[in-house]
Amino acid sequence: QVLAQVLSAPPAGITSAMVALRASHMPPRRPAEARASSGAYSQRRSSAILTAAVVVVAYVGFQCFGSLQSAFLASTRPAPRTGRTAGLAARRAAKAEAATEVAEAQGESYEFKAEVSKVMDIIINSLYSNKDVFLRELVSNAADACDKKRFIALTESETPPEPMKLQIKTDKDKRTLTIEDNGVGMMKSELIENLGSIARSGTANFVKQLQADKDDVSLIGQFGVGFYSAFLVANKVEVITRSFQDKPEDRKSWKWMSEGGSFSITEEPQEQFFGKDSGTRIVLTLKEEAQEYLDTGKLSDLLKKYSEFITFPIELWNEKVQYDQVVDESVKVKEGEKPKMKSVPRSVYEWETMNKMKPIWLRNPDVVNSSEYSEFYKTTFKAFDEPLTTTHFRVEGQIEFRALLFVPSTMPFELTRDMFSEGGRAMRLYVKRVFINDKFEDLIPRWLTFVRGVVDSEDLPLNVGREILQKSRTLKIIRKRMVRKLLDTIDNMRENEPAKYDQFWNSYGKYFKVGLVEDLDYKDELKRFVRFWSSTSGDNMTSMGEYVGRMKEGQDKIYFVTGEGKRAAEIAPAMEKMRQRGYEVLYMVDPLDEICSQSIVEFEGKKLVDINKAGLDMEKSEEEKKQMEETQKEFEGLAAWLKKQLGERVQKVQISERLVDSPATLVQGEWGMSPMMQRYMKAQTTSSAQDSAFAIGSRNQAILEINPQHAVIQQMKAAMESAPESEDTEDMVMMIYETAALIGGYTIEDPGDFAKRVTKMMASKAPAVSSDPGAPLDAEVVQ
């Protein structure tokens with residue numbers, strides 16, 4: 001910056017520039033004593049002087065170079081013009097100067113410029129990621145043309161319009177694909193305006209005029225670039241058209257042709273259309289790599305995917321095989337007998353209608369019966385089962401859309417291996433009956449992936465290529481309304497059709513549990529839907545509401561226990577006290593259940609409590625509290641000694657209030673994970689280092705609780721007092737710990753040592769057997 005200041009200064013200004021340079025490099029002035037004591041100051045001063053010298057040398061060099069350059073240009077410049085030429089130059093200079101002054105005073109406006117070929121390249125290669133959509137766009141434009149013609153005929157003409165349709169035909173020899181309709185057509189001026197101006201939409205202008213007149217018509221194309229998707233697959237595009245808006249005697253056929261860079265328009269008086277009044281024919285000369293679109297099978301699949309619900313018939317010139325009966329000359333027959341016949345195949349071409357299905361979501365739900373819903377569901381989603389529930393509704397007001405939603409009676413095949421598989425999504429988005437996509441993640445929550453359905457809206461914010469659903473307030477409202485309607489339908493099934501709801505829960509219960517964990521907006525709503533096994537529900541699952549309805553008087557908590565399977569939960573040692581007191585306990589037998597319980601926290605003011613975790617607060621009388629205090633004092637020494645013997649295997653040892661028949665149990669701290677969850681989380685780790693760190697952390701969470709009333713614990717206390725260092729006492733400590741770990745669902749560290757201790761214990765209890773097989777045995781006398 002200082003160098004620029006020096007170089008831009010005139011010679012007379014060097015002094016001031018140098019002053020600025022010095023000021024920028026010199027430190028602030030300080031007292032003489034401080035300056036004298038600072039060695040750094042001298043260094044900075046030297047650096048500043050050196051920098052100033054370099055700048056001055058550079059400046060002088062630039063000045064010298066400028067002088068030499070000026071002298072050279074002066075020597076090579078031609079002599080000044082005189083006379084008329086000099087006067088003309090002077091006038092031009094004066095005009096330019098005056099224009100500059102006006103521009104500076106008033107400002108100027110310019111239009112953006114763009115190279116047409118570059119814009120076309122952006123449209124062709126950037127707006128659309130899938131070449132298949134060209135057929136969707138051109139068919140949609142043709143349907144719009146038919147809609148316009150019908151509207152104009154009904155409002156401005158006394159005669160009804162002719163039946164309208166679309167026809168698609170391929171020519172493999174010429175490598176062309178032809179799409180023709182008998183819609184409104186275009187005049188020459190419209191060809192220039194609509195096809196010659198990129199991103200100008202004739203449909204958008206038509207809709208704007210209708211809105212000004214307060215009329216209503218449903219048209220598809222609004223962006224004005226869909227037509228150019230034809231260049232995704234075509235080298236050359238021809239549009240032959242005749243307008244319905246011209247007077248019958250003035251109607252002419254015009255041909256628009258382009259290869260991407262420019263276009264031409266010529267009159268084509270000899271062109272014929274299948275429509276008697278008007279129409280448009282688009283002829284695409286396909287690229288070498290796009291010859292797959294000459295296959296009628298490929299076109300048929302695309303038409304059924306994207307344009308199955310277009311209002312007007314779409315006919316495809318398709319090859320069919322017919323069988324003719326002819327005489328089989330290879331078989332000889334006797335005179336008087338009928339000749340033998342055989343079937344000979346023959347290829348014929350005929351128009352085949354592609355869009356036979358009707359968009360039933362546009363109809364009033366009151367007039368659609370269950371068989372129509374079932375047929376639509378099976379045909380549209382390639383399903384073989386019947387829908388379990390059907391939700392058909394329309395939303396009007398600030399945002400308008402229609403939706404038809406199905407819950408399959410069986411899990412869709414695509415979701416059997418991966419419950420959130422992208423291929424399993426089947427929420428089909430339509431804009432005015434034209435299919436857009438069925439893989440939009442934001443249209444419906446992840447926990448409703450299994451739902452199949454159709455959403456048709458004119459308000460969804462799509463990008464120009466209609467391939468990306470942009471996040472907006474409109475999308476949030478549509479999503480919210482759809483979820484609300486689905487939950488209402490499922491809730492109605494839960495209350496009125498319990499058998500059907502059981503079927504639903506068996507298939508899709510996990511999705512609702514995921515919703516409880518992931519979707520905070522619907523967490524409270526989903527609580528009433530979830531179901532778990534219970535200690536009193538037998539072979540049926542129970543809901544949270546049903547559990548609360550059966551709670552004992554005075555019970556203020558919802559108790560649950562975790563375990564790998566229903567049987568493991570039933571035999572948990574913590575269940576002993578629950579059974580003794582008559583409390584119902586929910587069984588959470590899946591890792592997702594435990595995660596789900598952390599998300600539920602409470603239901604109808606009742607807190608969820610894991611009976612396998614420390615801090616279980618059981619209601620006790622004053623006498624029971626006093627007795628517990630005495631017991632804790634009596635066994636305090638044993639607990640401390642056991643902790644010392646077990647070391648890091650447990651976090652601590654304490655007296656249990658939850659045991660009745662078992663000598664000991666392992667429980668987790670308040671924020672610890674069950675052994676089932678520990679194994680699940682360990683399976684998610686990615687390295688052995690993480691495995692070992694996780695194992696240490698989870699083991700330290702375990703708390704050993706002992707039952708002081710059990711004979712084994714009393715025997716253990718006696719052994720500690722009499723022979724604490726003996727091998728038998730150590731084995732007994734490990735047996736208590738390992739049996740508690742096994743029954744609690746934990747994995748013991750060394751199964752081999754455990755087996756040795758069990759074998760040793762069995763051997764000590766077995767009667768003595770003589771090693772001599774011939775020795776006489778003592779007989780036992782039974783009286």
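Cross-link candidates for residue 644: which lysines have Cα within less than 20 Å, leaving aside residues fewer than 8 places away along the same chain? Once the sequence-local lysines are set aside, what remains near residue 644 is 633, 652, 717.
Placing a label point 7 Å from the Cα of residue 320 along the Cα-to-Cβ direction, the residues of the range 343-372 whose backbone N falls under 14 Å from that point are 346-354. Here residue 765 is the anchor, and the aspartates and glutamates within straight C-alpha reach of less than 17 Å, apart from those fewer than 8 places off in the same chain, are 727, 728, 731. Qualifying GluC sites (Glu not before Pro) in the range 313-405, where qualification requires a DSSP coil assignment and no more than 10 other C-beta atoms within 10 Å, comprise 329, 335, 337, 396. Computed 3J(HN,Hα) for the range 371-379, one whole-Hz value per residue from the Karplus formula 6.51 cos²θ - 1.76 cosθ + 1.60 where θ = phi - 60°, is 5, 5, 4, 5, 5, 5, 4, 5, 6, glycine and proline marked x. Going Cα to Cα from residue 334, which lysines come in below 20 Å? Please leave out same-chain ones fewer than 8 positions away. Within the straight-line limit of under 20 Å, residue 334 reaches these lysines: 342. Describe numerically, in nm with one decimal, the distance between label points set 7 Å from Cα along Cα→Cβ at residue 539 and at residue 629. Here the answer is 5.1 nm between the modelled labels.
Taking K and R as +1 and D and E as -1, what net charge do the other residues with C-beta under 12 Å from the C-beta of residue 250 add up to? It works out to a net charge of +3. With a cut-off of 10 Å between beta carbons, the residues surrounding residue 753 carry a summed charge of -2, where Lys and Arg count +1 and Asp and Glu -1. From the alpha carbon centroid of the range 477-544 to that of the range 601-643 is 34 Å. Taking other residues whose beta carbon is less than 12 angstrom from the beta carbon of residue 740, and scoring Lys, Arg as +1 and Asp, Glu as -1, yields -1. Summarising the amide proton neighbourhood of residue 236: residues at separation of 5 or more, or on other chains, whose placed amide H is nearer than 5 Å comprise 285. Loop-located trypsin sites (Lys or Arg not before Pro) across the range 271-336 with a Cβ neighbour count of 13 or fewer within 10 Å are 276, 332, 334, with loop assigned by DSSP.
For the range 468-612, the square roots a ≥ b ≥ c of the C-alpha gyration tensor eigenvalues yield an a/c of 1.5 or more together with a/b exceeding b/c, which makes the shape prolate. Of the chymotrypsin sites (Phe, Trp or Tyr not before Pro) in the range 388-460, the ones in a loop by DSSP (not H, G, I, E or B) with at most 15 other beta carbons within 10 Å are 420.
Throughout, read-outs are computed from the coordinates displayed, never taken from laboratory work. Here the structure is a predicted model, which is why all the values come from computation and not from measurement. Positions of Cβ are backbone-derived with ideal geometry, glycine not excepted, and every protein chain shown enters the neighbour counts.
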